[in-house]
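One structure is given here, and the rest of the page talks about it.
The values are calculated or read from the model by the stated rules, or taken from the named source; none is laboratory data. Since the structure is predicted, the reported quantities are computational estimates derived from the model, not experimental observations. Please note: Cβ atoms are built from the backbone with ideal geometry, for glycine as well, and neighbour counts cover all protein chains shown.
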Amino acid sequence: MAKYHPDLDLITEYAAGSLPLAQAACLSAHLNYCEQCRRTAGQLEDLGATLFDSLQGETVGDVQLNAVLARLDDVPPLSYAKVEQPLAGQTPALLQRLMKGEFADLVWKKITSTLSISYLSTGDPGYEFALYHIKAGGKIPEHTHKGSEMTLILEGGFSDADGTYHQGDFLYREPSDVHAPTALQSEDCICLAVLDAPLKFTGWKHRWMNPFLSLNAG
Ligand SMILES: [Zn+2]
């Protein structure tokens, strides 16, 4: 059972469909683990649909109509809005689709002796969407962010100065929050991180790593 959740503003943006795709995918994956947020998102979606129904219809010009019809032929975008059958203990279906296999099948870029990163492509160029594998007891060097950082724990767990997080827990860090997560001693941790700007390490020992982390294997 997740203990850390997205706040109501984020769930509202998600339900309204206004969250950027990569962040929405991360939030959607949290819903796989969290009945409470799933219910909240469902209620907000219903509310949005009711409001939408009550709007007055407007006449649509030919140009708009043609643009909409033309889009019907497009390849369907990545779908994340429906979280149907959450399966406890399984990787969320959406992530499985993006990974096209198991964690072990991915290309992992080794950053330190305890940290490897695998970049996944969501088709959203504004965000870095990556899996972090931290070995048991391993530490991610202290860092700040230029932008926000969303994290969802998929396996194992980690702790930082603010708490200890386990599978399904969702964290949202604002720019300039400094933290240095350490994986639990008992098992490796795999988490999903969505960044809207590359990480910036603050410890002098790790300055050299920045170029590696901002590389996106696509
Ligand atoms: Zn939740």
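On the given criteria, is residue 122 under 15 Å from residue 194 (Cα atoms) and under 14 Å from the mean Cα position of the chain (by Cα)? Spelling it out, residue 122 is indeed under 15 Å from residue 194 (Cα atoms) and under 14 Å from the mean Cα position of the chain (by Cα). A count restricted to region 56-110 and to residues that are surrounded by fewer than 10 Cβ atoms within 10 Å (Cβ to Cβ), more than 21 Å from the chain's Cα centre (by Cα) and at pLDDT 75 or above stands at 3. Scanning region 35-47 for any residue that is in a loop (DSSP other than H, G, I, E, B) and in contact (Cβ under 8 Å) with a residue 40 or more places away in the chain turns up nothing.
Taken over region 1-16, residues that are outside any helix (DSSP H, G or I) and crowded, with 17+ Cβ neighbours inside 10 Å amount to 4. Within region 155-172, the residues that satisfy the criterion of being of a type in the set (Ser, Thr, Tyr) and in contact (Cβ under 8 Å) with a residue 60 or more places away in the chain are 165, 172. Candidates in region 1-30 are the residues that are more than 23 Å from residue 165 (Cα to Cα) and not hydrophobic (A, V, I, L, M, F, W, C); of these, the one that is nearest to the chain's Cα centre (by Cα) is 20. Scanning region 22-55 for residues being closer than 24 Å to residue 124 by Cα, more than 15 Å from the ligand (Cβ to nearest atom) and surrounded by fewer than 20 Cβ atoms within 10 Å (Cβ to Cβ) gives a total of 1. For residue 19, the requirement of being within 16 Å of the ligand (Cβ to nearest atom) and not in a helix (DSSP H, G or I) is met.
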